[in-house]
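Below is one structure, written out as structure tokens; comments come after it.
Only the coordinates and a few stated rules stand behind these numbers; no lab work does. Being a predicted model, the structure only gives us computed values, none of them experimental. Cβ: placed from backbone, ideal geometry, glycine included. Neighbour counts: every protein chain shown.
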Amino acid sequence: QKEVEQNSGPLSVPEGAIASLNCTYSDRGSQSFFWYRQYSGKSPELIMFIYSNGDKEDGRFTAQLNKASQYVSLLIRDSQPSDSATYLCAVMTGGYQKVTFGIGTKLQVIP
Amino acid sequence: NAGVTQTPKFQVLKTGQSMTLQCAQDMNHNSMYWYRQDPGMGLRLIYYSASEGTTDKGEVPNGYNVSRLNKREFSLRLESAAPSQTSVYFCASSRPSNQPQHFGDGTRLSIL
């Protein structure tokens, strides 16, 4: 079992819709959770982080964490074509900042 | 703001050649990391340095060495390049504890 699992996609949504990206992790001791966006040929860019159970909102983005279910998600409201990218889920475990990345979900927003 | 700077951006090597990838950050971060990214594999940690003077192996360290030259700089060396090391290499840095990592623009390395 992979430590951090994501569906590679592509996930296609129409412009203006809500995109829902999901991630599960295996280590119950995981402490911090990050979402990165990566455009093709570019480096990962941090868009959200969440440490506690519940929701965290930042503009059109909402991160959701459920530690009991070992599940973290990213919602993108009013999706735009510029949101088309690969979204990487990253999970931090342990005192030395070990971060494990999922393979990423490719999102396509259709105009 | 430069952030994390990687050099070179592109490199082509022949099998058996050696080279060093350079990384420098100007954010006063303690921790630095080297990752490789391959299609279908995601980002995999090669080596990391939790603080100046310390380095530790990550998930895929074989064939690589690192040097934490000072707080700003963390280099990755390929002593004898192999085609399996063809990849995109990213350097990242972060503050201690549970803070997120900031990435450089990457080095695209091809080994023939």
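Below are the figures for this structure:
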item: Rg [Å, one decimal], Dmax [Å, integer] - chain A, C-alpha atoms; result: 13.4, 44
item: Residues A:PHE61, B:PHE10, sorted so that the one with the fewest Cβ neighbours within 10 Å comes first; result: B:PHE10, A:PHE61
item: Cα centroid of the stretch B:38-65 to Cα centroid of the stretch A:1-58, whole Å; result: 22
item: For chain B, Kirkwood radius (reciprocal of mean inverse C-alpha pair distance, Å); result: 13.9
item: Gain upon complete extension [A:SER82, A:SER12; 0.36 nm per residue less C-alpha separation]; result: 23.9 nm
item: Hull volume in cubic angstrom per residue (convex hull over the Cα atoms of the stretch A:1-64); result: 118
item: Value in Å of the Kirkwood radius, where the protein assembly as shown supplies the Cα pairs that are averaged; result: 18.0
item: Likely footprinting exposure, B:ASP105, A:ASP55, fewest C-beta neighbours within 10 Å first; result: A:ASP55, B:ASP105
item: Rg/Rh (Cα only; Kirkwood hydrodynamic radius) as it applies to the stretch B:10-76; result: 0.98
item: Cα-centred dipole magnitude for the protein assembly as shown, charges only on beta-carbon of K, R (+1) and D, E (-1), debye, nearest 20; result: 380
item: Sequence of A:ARG28, B:ARG44 once ranked by neighbouring C-beta atoms within 10 Å, starting from the fewest; result: A:ARG28, B:ARG44
